[in-house]
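First the structure, in the form of structure tokens, and then the observations on it.
The values are calculated or read from the model by the stated rules, or taken from the named source; none is laboratory data. Just so it is clear, the model here is predicted, and its values are computed rather than measured. Note: ideal-geometry Cβ built from the backbone for every residue, glycine included; neighbour counts use all protein chains shown.
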Amino acid sequence: MNPSSSVGLTLSIPILDQGRTRRAVERAEVFVADADAALDLQRLRVAADVETAVLDVEAAQARLVAAQRAVAAAREARAAAEARYGVGAGIFLDVLDARRTLVQAETDVASARYDLLLGRIAVAYQTGLLADALVGLDS
């Protein structure tokens, strides 16, 4: 037996790969551009969602202030209707109407407070701070 061994090294350099490497690079560049565009679009959506949530909070705050003013006015109107009725210058229907108006105004305050709370939660959610906003609510 003749022991023989051989060692070999093969080197393959694709000099003429018919443009496959270039096309693969171009496809990868297109994928990167698409990903960048998708990221930019998502950033715009998040910014728009945050802005909408903030505007909703501002609107809810304005509605709350207006509703609180309406409650104050309705209380005065109720007191006036009750005073007129007490001296015989008004009818009980006016008193009932003033009370109904006051109840509606108080309902509007509760609704505005609810909208304000939901708006603040939406802002916290859109800004990624919802977990921080909920801390302490369970106690």
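Listed by first and then second residue, the pairs linking a residue in region 79-104 that is assigned to a helix (DSSP H, G or I) to a residue that is of a type in the set (Ser, Thr, Tyr), with Cβ atoms under 7 Å apart and 6 or more places separating them unless they lie on different chains, are 92/85; 94/85; 95/85. Within region 87-110, the set of residues being more than 43 Å from the chain's Cα centre (by Cα) and surrounded by fewer than 14 Cβ atoms within 10 Å (Cβ to Cβ) comprises 87, 88, 89, 91, 92, 93. Among the residues examined, residue 110 does not qualify as closer than 30 Å to residue 126 by Cβ, of a type in the set (Gly, Ala, Ser), in a helix (DSSP H, G or I) and at pLDDT below 95. Would you mind stating whether residue 46 is in a helix (DSSP H, G or I), among the β-branched types (Val, Ile, Thr) and touching a residue at least 12 places away in the same chain (Cβ under 8 Å)? When the stated conditions are applied, residue 46 passes them. Within region 115-134, none of the residues are outside any loop (DSSP other than H, G, I, E, B), within 30 Å of residue 48 (Cβ to Cβ) and over 21 Å from the mean Cα position of the chain (by Cα).
For region 51-70, the count of residues that are among the small types (Gly, Ala, Ser), at pLDDT below 95, surrounded by fewer than 12 Cβ atoms within 10 Å (Cβ to Cβ) and not in a loop (DSSP other than H, G, I, E, B) is zero.
Here the condition is being surrounded by 14 or more Cβ atoms within 10 Å (Cβ to Cβ), more than 30 Å from residue 56 (Cα to Cα) and in contact with a helix residue (DSSP H, G or I) (Cβ under 8 Å, 6 or more places away or on another chain); of 113, 84, 120, it holds for 84 alone.
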